[in-house]
Amino acid sequence: MSISASLVKELRERTGAGMMECKKALVSTEGDLEAAVELMRKEGLAKADKKAGRVAAEGMVALELADDGRTGALVEVNSETDFVAGGDDFKDFAANVARVALASRPGSLEELLEARMDDGSTVEEARRALVAKIGENIGVRRFALVESSDRIGAYVHGSRIGVLVAITGGDAALAKDIAMHVAASRPEYITEADVPAEHLAKEREILTEQAQREGKPAEIVAKMVEGRLRKQLGEMTLVGQPFVKDPDITVGKLLSDAGAQVATVVRFEVGEGIEKKADNFVEEVMAQVRGA
C-alpha cells in the first residue's frame, strides 16, 4: 500500500526512529499510526533512537583478515560504558561487523550499516536490537579496508587499539612488528614525502621565528631550522621513528634491510576525537536535591 510522506514524518517525530524503519512499520500496520508506534516499541526501534543522543565513547576495535592475508577490515564499535564493551554480546556484534565489512567491501559507512549479517538482518537492524537488549547507545563509528599485493600486517592491542598495515617484501613477522610499532608510536605519516607541503611550510615558519628570538645569525638560524625540522619529521613519520623493539635503528632502516616497503597504514583507537562528558558528582547530587 502507499504510505504518505507526511505519515512517515509524523511517526518519525513520535518515535525518533529512521525513515526506513518508520515506513516499514506503517506498511506492516497498513497505515495505522498508533499500531506502528506500538510495533516499533515492541521491536525496540523507538527505544534505540531515544538513546542515540547519548555519548558513546567506550567500546572496542575488531579486525578481520582474508584467508590469503592480503585484505583486512578494521572497525570501531562504540558503547557508553566499558562494562558493556566487555560483554560477550557486544564483542560478538563487533566481530560480526568486521566480518561483514570484509565480506561486503562497502564503500561507505551507510553501505556497511545496510549490509547483511549471517542471520539475514542488516548491521543497522542488529545494532538496534542490541541497543534494545543492553539499554545503552551502541554505534558503528567507522571502518577501514586495507589491501596489499603482498601481505597485511595486523595487530590489536587489548581491544582498544587496532592497526592494519599494507606491506610489500619482508615476511609475516616483520609485517606484525610494523603493525605493533604503529600501535605504540602512532606515526602521522609513512614517509617525509607524505607530509603536506603546507604543514612543512607552517612548521618551518614557526621554527624560524623561535630560532630568530635566540639572536643567532641568519645562516645559523637556517641550519637550526632545518635541523629541528628533520627531528620533527623523524618523530611524525613511520620510517623516521626509532623501532620500538630496537630503538638503535629506525623503522626505515628495518624496512630497508628487509627489502620491504609500507604502502598503507590505518590505526584506530577507541574514542579518539570523541568529546566525553565530564561527570560532576557534586553537581549531580545537588541537582537531585534541588529537584526533590
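Does G170 count as open to solvent by less than 50 Å² (accessible area, probe 1.4 Å), touching a helix residue (DSSP H, G or I) at 6+ places or on another chain (Cβ under 6 Å) and without any contact (Cβ under 8 Å) to a residue 40 or more places away in the chain? Before the answer, list the steps.
Numbers: open to solvent by less than 50 Å² (accessible area, probe 1.4 Å): yes; touching a helix residue (DSSP H, G or I) at 6+ places or on another chain (Cβ under 6 Å): yes; without any contact (Cβ under 8 Å) to a residue 40 or more places away in the chain: no.
Taking the combined requirement at face value, the residue does not satisfy it.
Does the range 214-269 hold any residues that are part of a loop (DSSP other than H, G, I, E, B), touching a Gly at 6+ places or on another chain (Cβ under 9 Å) and under 30 Å from N78 (Cβ atoms), and which are they?
Going residue by residue through the range 214-269, those that are part of a loop (DSSP other than H, G, I, E, B) are 214-217, 238-241, 244-245, 259-260.
Okay, now just the ones that are also touching a Gly at 6+ places or on another chain (Cβ under 9 Å), so 238-241, 259-260.
Within the range 214-269, L238, Q241 meet the criteria.
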Fill in the blank from the handout: Within the range 89-112, the residues that are in contact with a helix residue (DSSP H, G or I) (Cβ under 7 Å, 6 or more places away or on another chain), farther than 16 Å from A129 by Cβ and hydrophobic (A, V, I, L, M, F, W, C) are A101, L112
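Please state which one of A211, A175, A183, A179 is modelled with pLDDT under 95 and either of a type in the set (A, V, I, L, M) or not in a helix (DSSP H, G or I) (or both). Quick ask: steps written out before the conclusion?
Values: A175 fails: modelled with pLDDT under 95; A183 fails: modelled with pLDDT under 95; A179 fails: modelled with pLDDT under 95.
Answer to the check: A211.
Are any of the residues in the range 125-132 in a strand (DSSP E or B), open to solvent by 20 Å² or more (accessible area, probe 1.4 Å), out of contact with any Lys or Arg (no Cβ under 8 Å at 6 or more places or on another chain) and within 19 Å of A62 (Cα to Cα)? Spell out the reasoning first.
Quick first cut of the range 125-132, residues in a strand (DSSP E or B) only: none.
The answer is no; no qualifying residue exists.
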Practice task
With respect to V27, determine if the residue is at pLDDT 90 or above and open to solvent by less than 40 Å² (accessible area, probe 1.4 Å).
Solution key: no
Practice task
Tell me which residues, restricted to the range 75-93, are part of a loop (DSSP other than H, G, I, E, B) and not β-branched (V, I, T).
Solution key: E80, G86, G87
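The values are calculated or read from the model by the stated rules, or taken from the named source; none is laboratory data. Remember, predicted model here, so these are calculated numbers, not experimental data. Neighbour counts run over all protein chains shown; Cβ positions are idealised from the backbone, glycine included. Ligands, DNA and RNA are excluded from the accessible area calculation, which covers all protein heavy atoms including side chains. Shrake-Rupley method; radii C 1.70, N 1.55, O 1.52, S 1.80 Å.
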